[in-house]
Amino acid sequence: MKKIFVNLICVFIPFSNLRHKVRNNLLSYKRYLYWSFKPYFNSGKNNKVVVIFENGKRKTLSKYQRIQGINIHLGGDNNLVEIEFPCKLWSSSIRFEHKGQHSRAFIGKNASGQLGISLYGDNNIFTLGENTDMVQMSIAIINNELHIGKDCMISAEVIIFGDGHSVLDYATKKVINLPKAPILIGDHCWLGMQTTFLK
């Protein structure tokens, strides 16, 4: 449908070089983006969604621009989502929960499959390496880092879940059971069906 629309627009452009440029721009990297009357959820300040195109160019999306196949929910302040194109995710979601701050999610190019990720608390980092193929994966990161390498294969119903039960200091209200090390899954890994990682 989009190709028909682009070709219809190009009919009214008199110069062939300009027509070619418009067609390439609209049908290449921009095929992953679309405009929506409903903005993605953003309840905080200084949150950004950045896409990285195949030529290395970076673009910060407006709140009315969406990425095909990915639902983004930004709670808290100073959070960053970076997605490298081409992107092959479908029915996926990235959620920054409970007013968490200074967290970052990065998805490498050619990552494909269905991903559900929730980041709770502050200073979370999630990276998904390029060319990683997944069927269905659910992730909850709580005050921690999770790094998945490149060229991984992840089967259905894989779950990675951090410590959901924070212990708070009574006087300061700060979390005292923070994780001591990041979660690392290397390059070229295979995670079988219903693999579960707990704290």
Here the residues within segment 183-193 that are surrounded by 10 or more Cβ atoms within 10 Å (Cβ to Cβ) and either modelled with pLDDT under 80 or within 22 Å of the chain's Cα centre (by Cα) (or both) are Ile183, Leu184, Ile185, Gly186, Asp187, His188, Cys189, Leu191
Given (1) within 14 Å of the chain's Cα centre (by Cα); (2) modelled with pLDDT of 85 or more; (3) of a type outside the set (A, V, I, L, M, F, W, C); (4) crowded, with 16+ Cβ neighbours inside 10 Å, Tyr32 misses just (2)
### Query
Going by the structure shown, is Glu54 loosely packed, with under 14 Cβ neighbours inside 10 Å and either in contact (Cβ under 8 Å) with a residue 40 or more places away in the chain or of a type in the set (Val, Ile, Thr) (or both)?
yes
Picked from segment 163-182 (must be within 22 Å of Gly116 (Cβ to Cβ) and free of Cβ contacts under 8 Å to residues at least 40 places away in the same chain), the residue surrounded by the fewest Cβ atoms within 10 Å (Cβ to Cβ) is His165
Can you find a residue in segment 85-105 that is out of contact with any Pro (no Cβ under 7 Å at 6 or more places or on another chain), modelled with pLDDT of 90 or more and at positive phi? yes
Taking segment 146-162 and keeping only residues that are open to solvent by 40 Å² or more (accessible area, probe 1.4 Å) and at pLDDT below 90, one is left with Phe161
Of (1) part of a strand (DSSP E or B); (2) farther than 23 Å from Asn110 by Cα, Ile160 fails just (2)
For segment 139-152, pairs from a residue that is without any contact (Cβ under 8 Å) to a residue 60 or more places away in the chain and of a type in the set (Asp, Glu) to a residue that is surrounded by fewer than 18 Cβ atoms within 10 Å (Cβ to Cβ) and in a loop (DSSP other than H, G, I, E, B), with Cβ under 8 Å and 6 or more apart or across chains, are Glu145/Pro182; Asp151/Glu130; Asp151/Asn131; Asp151/Asp187; Asp151/His188
Any residue at all in segment 53-71 that's under 22 Å from His147 (Cα atoms) and in contact with a Lys or Arg (Cβ under 6 Å, 6 or more places away or on another chain)? no
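The values are calculated or read from the model by the stated rules, or taken from the named source; none is laboratory data. This is a predicted model, so every value here is computed, not measured. Note that we place each Cβ from the backbone using ideal geometry, even for glycine, and neighbour counts take in every protein chain shown. Ligands, DNA and RNA are stripped out before the accessible areas are found, and what is left, the full protein with its side chains, is counted by its heavy atoms. Shrake-Rupley method; radii C 1.70, N 1.55, O 1.52, S 1.80 Å.
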